[in-house]
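A short worksheet on the structure shown next.
Rule-based calculations on the coordinates, nothing more; no lab input. Since we're looking at a predicted model, the values are computed, not measured. Neighbour counts are summed over all protein chains in view; Cβ atoms, including those assigned to glycine, are modelled from backbone coordinates with ideal geometry.
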Amino acid sequence: MKIAVLAVQGAFAEHIDKLKRLGVDCIELRQRADLEQDIDGLILPGGESTVQGKLLQDLQMLEPLRDRISRGLPVLGTCAGLILLARKISNDGAVWLGTLPVCVQRNAYGRQLGSFHTEAEVKGIGTVPMTFIRAPYVESLMETQDGEALARVDGRIVAVRYGNQIGTAFHPELDEDDRIHEMFLHLCRKNSAR
């Protein structure tokens, strides 16, 4: 199994380290040519969503990634990655990939000083540590047929799943707990087996 990690900006190194620790081969997506490789899943890391989105456009990677995700490529978007996936951003007119039918609010917990750490229940895996840094949250699920809220903190949705897409407002790559990545890898294996 091979997982691609978007490596144009943000916390991609931490995701790569976690995948390697879990015994998974990974590649860094830095340019359009990198998309020619066979991959079983994609991670969109935290960082600055506007910068990542513009770089994906400039590098002509936005459309090919949107197409692969729309055709079922499993994807895990964390923090900025969740914003890249979102179909609507309530406090920003930009939409990047738009494959995840959710409405999110950027910087919902304030600036850097509003960052925090907590623990909360994630559906199907139990209580996990959650690190929020200038984090968004999901205001609403736009379609409920294939979607579900996986976790809430203070009543706000902070993790969702739609089909083969998982989005988290927090940074699972920054904590020792591997269960979010393991949930994603399970999804990748299941998809590859089809």
query = For region 22-128, with only Lys/Arg (+1) and Asp/Glu (-1) charged at the beta-carbon, what is the dipole magnitude about the Cα centre, in debye rounded to 20?
reply = 480 debye
note = Cβ density ranking, 10 Å radius, fewest first, applied to THR99, THR168 yields THR99, THR168
query = Nearest 20 debye, what's the magnitude of the dipole of the chain about its Cα centre given +1 on Lys and Arg Cβ and -1 on Asp and Glu Cβ?
reply = 340 debye
For region 85-194, alpha-carbon Rg relative to the globular expectation (2.2 N^0.38 Å, N residues) = 1.05
request  = Could you list VAL158, VAL153 in order of exposure, starting from the residue whose Cβ has the fewest other Cβ atoms within 10 Å?
outcome  = VAL153, VAL158
query = Based on the alpha-carbon gyration tensor of region 31-91, what equivalent-ellipsoid semi-axes (square roots of 5 times the eigenvalues) come out, in whole Å, largest first?
reply = 18, 14, 11
remark   = Under a Gaussian network model of the chain whose springs join Cα atoms within less than 10 Å, the largest fluctuation of ASP146, ASP177, ASP154 belongs to ASP154
remark   = Projected onto the charge dipole of the chain (unit charges on the beta-carbon of Lys, Arg, Asp and Glu, signs +1, +1, -1, -1), the Cα from PRO45, ASN107, LEU62 with the largest positive-side position is that of LEU62
ask   = Tell me, ARG30, ARG194, ARG106 in order of fewest to most beta-carbon neighbours within 10 Å?
value = ARG194, ARG30, ARG106
query = Which residue, GLN31, GLN145, GLN105, tops the fluctuation ranking in a GNM of the chain built on C-alpha contacts under 10 Å?
reply = GLN145
